[in-house]
Amino acid sequence: MLSLLTERFSSGVFVIMNAFTQVMGIIWRLLPFGYLWNLVPYDRRRTIFPLLLIVPTVIIILMVVLYPLGYSVYVSFTPLNMLRYEKTFHFEQSTMWRNYERLKDDEIFIRSLKNTILFLAVTVNTEFVLGLLLSQLMARVTWGQGLLRTILMIPMMFAPVLVGFQFAWFFNASVGLVNNAMTSLGLMQLNDPKPWLVDKPTGMIALMIASIWMNVPIMTIILLAGTLSLPNELYEAAEVDGAGFLNQFRHITLPLLRPFILIALTIRSLDVSRAYDIVRIMTNGGPAHRTEMIWTYAGRMAIRSNRYGMASAISMAGVILGILFTLYLFRQLVKSRVVY
Amino acid sequence: MRKKIGLLLAVLLICSVIVGVPGKQSTVRAQDDGPQYAGLDKDLSGITIRFAGIGGQPYEAMYDSFKVFEEATGAKVEIVFLGDGFEIDRYLKQNYAAGTVDFDVAWNHTSFTAQYVDFVEDMRQYFTEEELAPFSPAILDAATIDGKLTLIPRHADISAMHYRTDLFGNADYQAQFESEYGYPLAPPTTIAEMYDMAEFFTNVTKDTDSPVYGTQFAGKEEALAGRFYELLVANGGNYFNEDWEPIFDNEAGVATAQWMRDLYENGYIPPDTPNNIWPEVAQNFCDGKVAFYLEWYGWYSYFQDPNSCAVAGKFGLTRGPVGTAGDVHTGWAGAHAFSIPKDAENKEAAAQLIKFLTSERVAYEESQLGLLAVRGDVWGRLIAEAGASEDPLAVPRLELAQQQIAEDFFTPPLFADWISFTDLWFPTLQSIMLGDVSVEEGLAQAVEETTGLMEDLGYYD
C-alpha cells in the first residue's frame with residue numbers, strides 16, 4: 001500500500017520465498033519425483049499435470065497479492081502507527097473494530113466515499129459520451145484518420161501528475177489561465193477573482209475536467225477500434241431497408257459495440273475508482289475536504305499522519321468499491337456476449 | 001648550476017616551513033579576528049560520513065563547505081538524501097521506523113524533533129558545555145526533551161510583520177483611517193488592529209488601479225495550523241493542557257478561529273487562501289497584492305530584489321502583534337538542525353561534522369544568505385557589519401530578529417505527533433474559514449477528533 005508497509009510486505013514476501021525455495025530444494029533432493037510420478041494412476045496424470053504447472057503462478061499471486069492484502073486487512077484491525085510500531089502493532093479483540101466504527105461515523109470518510117462515486121460516475125459517463133461521439137465521427141473520416149488518431153492521443157502521453165499541475169495552473173485564482181481569460185473578456189473584475197479550486201462545486205468540476213481531458217482519448221480509441229470492426233453487411237442491409245443514421249446507430253452500432261463499451265467502461269471505472277494522482281496535485285482533497293476522495297484520505301492518513309491502521313481501514317473501502325464495480329461491469333459484459 | 005638549484009630549494013623549504021605549508025591548515029584557519037571553524041581537530045582519514053539533509057536553494061549553499069571539512073580531516077562526506085522539509089521528514093521517519101538508517105548525520109527541526117526523540121542520540125554526549133554556550137538557550141531548551149538534547153541548531157526562523165511602507169505612509173490613507181477607526185495608521189501591534197487595517201486597506205484600494213488584500217496567511221497544512229497556533233497563544237490559549245487534552249475550543253480558540261473566518265468571509269484575504277502555502281503567499285506580497293502580513297525572514301533578500309519584486313525598497317518590518325493575552329507576541333518559530341541517529345555507524349565523526357557545520361564561521365557564512373543565526377557570537381558580528389550597509393533595513397532587521405528570537409520564540413507543542421495532529425486539524429479550520437461549519441461546531445469537532453487521535457497514540461494510558 002505504502003512505501004514503508006511495502007517494504008515490510010516485500011521483506012515478508014522475501015522471507016517466505018526464501019523459505020519456500022529452501023524447503024523445495026530439500027524436497028527435491030529427498031523425494032524421488034520420478035518414482036512418485038509413476039505412482040500416480042495413468043488416467044489421473046492428465047488431470048494433475050496442468051494443476052502442477054500452475055502451482056508457481058498460484059504461489060506468486062499468493063505472495064504478491066493475497067499476502068499484502070491479508071496483511072492490510074490485519075493492519076486495519078489494529079491502531080498501527082509507524083512511529084510506535086512496537087506499541088501500536090497489536091491485535092486486541094476488544095478494540096479490533098475501532099477503526100471501522102470510527103469510519104461509520106466519520107463524516108469525512110462518508111464525504112470522500114460520496115465524492116469518489118460522484119467523480120467516478122460523472123467522469124466515466126462524460127468520457128463515454130464524448131468518446132462515443134468522437135469515435136463515430138472519426139470512423140467516418142476518409143482522409144487523415146491516422147493523423148487525427150495521433151493528435152487525439154496526445155493527452156494520453158502526459159503523466160497524470162503533469163496534467164494535475166497544468167490544470168492547477170489553469171484554475172489558479174491569481175495567475176490562472178481561466179481567470180486571466182475571463183478578466184480580459186470583461187467577464188470578471190481584476191480584484192474579484194474566482195477561486196475555482198476552493199469553491200463548491202467548482203473544485204470537483206475542475207478535477208473532473210482534468211480527468212476527462214486526459215482520458216477521453218483512450219475511450220475514443222477503444223470505441224473506434226470496435227466501430228471499425230463491425231461488419232458492413234448489416235449497414236448495407238439497413239440502408240436497403242431505408243434505415244437512417246440514427247436508426248442504424250441505435251439498432252446496429254450500439255448493440256454490436258456493447259462488449260467494447262463495457263470493456264472501456266470497466267477499464268476506466270477501475271482506473272477512476274483509485275483516483276489519486278491528479279487530485280493529489282490539484283487540491284489534495286481540500287480545501288476543507290471538499291474534494292476528498294478515498295485514496296487521498298487514506299494516503300494522508302498513512303503517509304503524513306503515520307496512522308496506518310486507520311488508513312488500511314479506509315483502503316478496504318476503496319478495495320470493496322473497486323471489486324463491486326468490477327463485478328457489476330463484468331456481469332454486464334458476460335450478458336452482452338449475445339451471438340447475433 | 002646544480003648547487004644553485006639545491007640552494008633555491010633549500011630556501012624555499014625553509015620559507016614554507018616558516019610561512020606554513022599551503023593546504024589543509026591554511027584553508028581551515030580563518031583570519032585571526034574572523035569567525036572560526038570547529039570540528040576539524042581530529043584525523044578522520046578513511047571514514048565516510050553519510051548525510052541526510054534538507055534540500056533547496058537557501059539550504060544547500062552550506063553543503064559547499066563540505067570540501068573544507070574533507071580536506072582538513074581526511075573524511076569523506078556522502079550525501080545520501082536531500083529533500084524539502086516534508087520529504088526529508090518522511091525519509092527519516094521511514095528509515096527510523098524500519099530500522100534501515102543509512103546516514104550518520106540527519107536533518108532535524110525543533111517542530112519535528114519530538115517525533116525522532118527515541119531514534120537520535122543525546123547531543124550532550126558529543127558537545128561540551130563550552131561548545132554549546134554560543135547557541136541560543138531558548139532553542140536548546142526547546143530541543144531538550146526528557147533531559148535529552150535531541151539536536152544542534154543550524155539556523156532559526158521566526159515571523160516578523162512585513163508591511164508596505166508606501167501604503168502605511170500615504171497621508172490620505174492615514175487621515176482617512178484615523179477618522180474611521182479613531183487611532184493613527186501604523187503597522188499593527190495587536191491582532192485586533194490587524195483586522196481593522198486589513199478591512200481598511202482592502203476597502204480603500206478596491207476601486208484603484210492596484211487593489212490590495214489587507215493581509216494574508218498560508219491557508220493549509222501545518223502552515224495554517226501553525227499560524228493559528230501563534231495567534232491562539234497570543235490570545236492566551238493553547239492547543240493542549242499539561243495532560244495532553246485538547247483545549248483549543250475555549251474562548252481564545254473561538255476568538256482566533258472567528259478572526260480568521262471573518263477575514264476570509266469579508267474578502268480581506270485572498271480568496272484562494274485555502275490553497276496557498278509559503279511560496280504563494282510570499283509571491284502575493286512580492287507582487288504588491290497584500291498590505292501586510294506575518295512572514296519568515298528567509299524571504300528578505302528576494303523581497304528586496306527590484307528585479308523580482310514590486311515591493312523592493314517599499315516595505316518595513318516590525319515585531320509580531322500581541323493578542324488578548326496582552327503581553328504575548330506571536331512567535332511560532334523553529335530552527336533547522338542536525339542530529340546523530342542512534343543507529344549511525346560513525347557517531348564520533350558525525351559529531352565532528354556537526355561541530356563544523358554549526359561552527360561560527362559556517363553559521364556566519366550562511367547568515368550572509370539571509371538565514372537567521374542561532375549563535376550569539378555570529379549575531380554580534382553581523383550587526384556590527386550591517387552598520388556599513390546601504391540598506392536602511394539592514395541593522396533594524398537584524399536587531400528585530402535577534403529580539404524576536406530572544407523574547408518571542410516558541411515552538412509548537414513538543415510531541416511526536418504534531419504533524420499528525422495538524423493534518424487532522426487544518427481541514428476543519430479550513431471548513432470554519434469557508435463557512436462549511438460554525439466556529440463552535442468546527443472547534444468541538446476538532447477537539448473530539450484530536451481526543452480520538454491522542455487516545456490511539458496512548459497519551460492517556
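The values are calculated or read from the model by the stated rules, or taken from the named source; none is laboratory data. In this text, all values refer to a predicted model and were calculated from it rather than measured experimentally. Positions of Cβ are backbone-derived with ideal geometry, glycine not excepted, and every protein chain shown enters the neighbour counts. The protein model used for the area step is the full one, side chains on, heavy atoms only, and it has no ligands, DNA or RNA in it. Shrake-Rupley method; radii C 1.70, N 1.55, O 1.52, S 1.80 Å.
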For this session: Apply the Karplus parameterisation 6.51 cos²θ - 1.76 cosθ + 1.60, with θ equal to phi minus 60°, to every residue of the stretch A:133-150 and state each ³J(HN,Hα) to the nearest whole Hz, in sequence, with x for glycine and proline.
Result: 4, 5, 5, 5, 5, 5, 5, 9, 6, 9, 9, x, 5, x, 4, 4, 4, 5
Seminar exercise, completed: Here the tail fraction of P(r) beyond 26 Å, over all Cα-Cα pairs of the stretch A:106-336, rounds in percent to 49
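For the interface of B with A, what's the total buried accessible surface in square angstrom, probe 1.4 angstrom, rounded to the nearest hundred?
Using a 1.4 Å probe, the pair buries roughly 3200 Å².
At a 1.4 Å probe, what is the % contribution of carbon and sulfur to the accessible area of the stretch A:106-336?
Working: 7600 of 11000 Å².
C and S atoms contribute 69 percent here.
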Exercise. The stretch A:294-334: which residues show an accessible-area loss of 50 Å² or more, assembly versus chain alone, 1.4 Å probe?
Worked result: A:R304, A:R307
Problem set entry | Lys, Arg +1 and Asp, Glu -1 on Cβ, resulting dipole of the stretch A:106-336 about Cα centre, debye, nearest 20 | 600
For this session: Decide, for the protein assembly as shown, between rounded, prolate and oblate: order the square roots of the alpha carbon gyration tensor eigenvalues as a ≥ b ≥ c, take rounded if a/c falls under 1.5, and otherwise choose prolate if a/b is larger than b/c, else oblate.
Result: oblate
Problem set entry | Convex hull volume per residue in cubic angstrom - Cα atoms of the stretch A:134-238 | 154
For this session: Report the label-to-label distance for A:T21 and B:E448 in nanometres (one decimal), using points 7 Å from each Cα along the Cα→Cβ vector.
Result: 5.3
Exercise. For all pairs of alpha-carbon atoms in the stretch A:34-166, what percent lies in each bin of width 5 Å, listed from the first bin to the last filled one?
Worked result: 2, 7, 7, 9, 9, 9, 10, 10, 10, 10, 8, 7, 3, 1
Problem set entry | Heavy-atom accessible area, 1.4 Å probe, ligands and nucleic acids excluded: residues of the stretch A:174-194 down by at least 50 Å² from chain alone | A:S174, A:N191
Problem set entry | Positive-pole candidate from A:F170, A:A139, A:F91, dipole of the stretch A:89-174, charges at beta carbon | A:A139
Problem set entry | Computed FRET value (nearest 0.05) for B:N266 with A:Y100, which takes r as the C-beta separation and R₀ as 51 Å | 0.75
Exercise. What is the calculated FRET efficiency for B:N307 to A:R44, with r their C-beta to C-beta distance and R₀ = 60 Å, to the nearest 0.05?
Worked result: 0.10
Seminar exercise, completed: Going residue by residue through the stretch A:288-296, the Karplus relation 6.51 cos²θ - 1.76 cosθ + 1.60 with θ = phi - 60° gives ³J(HN,Hα) values, rounded to whole Hz and with x marking Gly or Pro, of 6, 6, 5, 10, 5, 10, 4, 6, 5
Seminar exercise, completed: Residues meeting the amide H criterion for B:Y213 (H placed from the backbone, H to H distance under 5 Å, 5 or more places apart or on another chain) are B:V290, B:A291
Seminar exercise, completed: Taking the dipole of the protein assembly as shown about the Cα centre (Lys, Arg +1; Asp, Glu -1; charges at Cβ), the one of B:Q403, B:G39, B:G370 that reaches farthest to the positive side is B:G39
Seminar exercise, completed: Two pseudo-spin positions, 7 Å from Cα along C-beta at A:V175 and at A:N247, lie apart in nanometres by 5.9
Exercise. Going by average Cβ neighbours within 10 Å, how do the peptides A:107-114, B:415-422 rank, with the highest at the top?
Worked result: B:415-422, A:107-114
For this session: Would you mind working out the accessible area per residue for the stretch A:106-336, using a 1.4 Å probe, and quoting it in Å²?
Result: 48
For this session: Taking only the C-alpha atoms, wrap a convex hull around chain B and report its volume per residue in Å³ as a whole number.
Result: 169
Exercise. Top mean-square fluctuation among A:R274, A:R102, A:R46, Gaussian network model of chain A, C-alpha springs under 10 Å?
Worked result: A:R46
Problem set entry | Cα centroid separation, the stretch B:171-209 to the stretch B:421-461 (Å) | 34
Problem set entry | Modelled label reach - B:E441, point 7 Å along Cα→Cβ, the stretch A:275-291 residues with backbone N closer than 20 Å | A:286-291
Exercise. Taking only DSSP H segments of four or more residues, each worth -39500 (n - 2.57), what value at 222 nm results for the protein assembly as shown once the sum is divided by all its residues, to the nearest 500 deg cm²/dmol?
Worked result: -17500 deg cm²/dmol
Exercise. Taking θ as phi - 60°, what are the ³J(HN,Hα) couplings along the stretch B:67-83 by the Karplus curve (6.51, -1.76, 1.60), each to the nearest whole Hz, with x for Gly and Pro?
Worked result: 5, 5, 5, 5, 4, 6, 9, x, 7, 10, 9, 10, 7, 9, 7, 9, x
Exercise. With each pseudo-label sitting 7 Å past Cα toward Cβ, what's the B:D327-A:L137 distance in nm, one decimal?
Worked result: 7.3
Exercise. How high is the FRET efficiency from A:A237 to A:E107, r the C-beta distance, R0 60 Å, rounded to 0.05?
Worked result: 0.55
Problem set entry | Segment A:I267-A:E92, extension gain: residue separation times 0.36 nm, minus the distance between their alpha carbons | 59.1 nm
Exercise. How many angstrom separate the Cα center of the stretch B:35-58 from the Cα center of the stretch B:227-298?
Worked result: 38
Problem set entry | Antiparallel DSSP beta bridges within the protein assembly as shown, percent to nearest 5 | 70
